[in-house]
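> This structure is in structure tokens; I'll ask about it shortly.
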Ligand SMILES: [Zn+2]
């Protein structure tokens, strides 16, 4: 074969040879020629490097890089999604916590203000219902406070107290008895009666502005024509709902329910500046009635020293 023609054929077959898509016979022929032809051998080296660099390697590299980019992009999207989710969840929890804590703090501030008042009346009506038997009972309490004197009227008795005094008078009309007590602690302090309304301040204020406040939920509802916030603490067995008047931040209703067992509902009213001297006057019996009453002195035998001891204990 003419050498020039052979060279042309070998050059023609270069790509197939390098990419190994050539048949066995031709491969032998090319191999044989390359061993003896310097020019073709050089040409093949150039072709080989061209095919691998520009084509093969480049294609492989590009393919690989594309894969890497896809992975990076997927990773980036996942991370961004997770981050958005975390931020979103944090924001939702934070706003819920803020909302509950703000409400608890407002209710507590109101209680602190109410404790400074000199004239008010609180009524409390409690209804118990046994959910198994349907049995119901209701109790009513009224609390009067005016300038250091207080009176509590319950279904069974009336109690009179004065601020920072050990003395109390309890009148039982049904059994016609008057108990004069010189208790071992001070029965009444200014603002003491407000305790009836301060469940939220006493129990929830310590957890306000902490993650624990998320154990509470708030909803808005109406009761007795009043717009209310309803603070709920509950689980699968029971709940406690506290109804707060939106305008005044005063508790107007409390409900405790143990599912399928007991339902307790307490309704409160709070009125300012309606208590008269008569309302807190201990002289509720006329002298004739008074004579019919049995008078009972309760723990009148405490020594002055005991009183001081109890005093310091209870005033802490
Ligand atoms: Zn050649």
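> Reported to two decimal places, what Rg/Rh ratio describes the chain when computed on Cα atoms with Rh from the Kirkwood expression?
Looking at the chain, the ratio lands at 1.62.
> Can I ask one more? At a 10 Å Cβ-Cβ cut-off, how would you order 182, 33, 69, fewest neighbours first?
Fewest-to-most Cβ neighbours within 10 Å comes out as 69, 182, 33.
> For region 128-178 and region 220-294, what is the centre-to-centre distance using only Cα atoms, to the nearest Å?
Each part reduced to its Cα centre gives a spacing of 13 Å.
> Follow-up. Just want the ordering: 163, 2, from fewest to most Cβ atoms lying within 10 Å of their own Cβ.
Placing the least packed residue first, the sequence is 2, 163.
> Using only alpha carbon pairs under 8 Å that are at least six residues apart, calculate the relative contact order of the chain and give it in whole percent.
17 percent
> Would you compute, from DSSP H runs of 4+ residues alone, the mean residue ellipticity of the chain at 222 nm, taking -39500 (n - 2.57) per run and dividing by the full residue count, rounded to the nearest 500?
Value at 222 nm, helices only: -12500 deg cm²/dmol.
> If you fit an axis through the alpha-carbon atoms of helix 38-50 and take the longest principal axis of the Cα set of the chain, what angle between them do you get, 0 to 90°, nearest 10?
10 degrees
> Would you mind telling me which residue in 203, 105, 73 has the biggest mean-square fluctuation in a Gaussian network model of the chain, where springs connect alpha carbons within a distance under 10 angstrom?
Greatest mean-square fluctuation among the candidates belongs to 73.
> Considering the chain as a Gaussian network with a 10 Å cut-off on Cα pairs, which listed residue, 250, 92, 100, attains the greatest mean-square fluctuation?
Between 250, 92, 100, it is 92 that shows the largest mean-square fluctuation.
> Rounded if a/c is under 1.5, else prolate if a/b beats b/c, else oblate: with a ≥ b ≥ c from the C-alpha gyration tensor eigenvalues square-rooted, which is region 67-155?
oblate
> What distance in nm separates the two pseudo spin-label positions at residue 139 and residue 182, each 7 Å out from Cα along the beta-carbon direction?
2.9 nm
> A follow-up question, please. Taking springs between alpha-carbon atoms closer than 10 angstrom, which of 209, 49, 287 fluctuates most in the Gaussian network model of the chain?
In the Gaussian network model the winner is 49.
> Something else: Once you have a ≥ b ≥ c as the square roots of the Cα gyration tensor eigenvalues for region 1-50, tell me rounded if a/c is under 1.5, and otherwise prolate or oblate according to whether a/b is larger than b/c.
Cα axes put region 1-50 in the oblate bin.
> For a quick size check, give me the Cα extents of region 63-215 along its three principal axes, largest first, whole Å.
The Cα atoms of region 63-215 stretch 101, 43, 26 Å along their principal axes.
> Indicate the gyration tensor shape class of region 192-256 (rounded, prolate or oblate), computed on the Cα atoms with a ≥ b ≥ c the square roots of the eigenvalues: a/c under 1.5 is rounded; otherwise a/b larger than b/c is prolate and the rest oblate.
Oblate, because a/c is 1.5 or more while a/b does not exceed b/c.
All of the numbers you see were taken from the coordinates with simple rules; none came from a lab. On a predicted model such as this, the values are computed, not experimentally measured, just so you know. Here the Cβ is made from the backbone with ideal geometry for all residues, glycine too, and neighbour counts use every protein chain on show.
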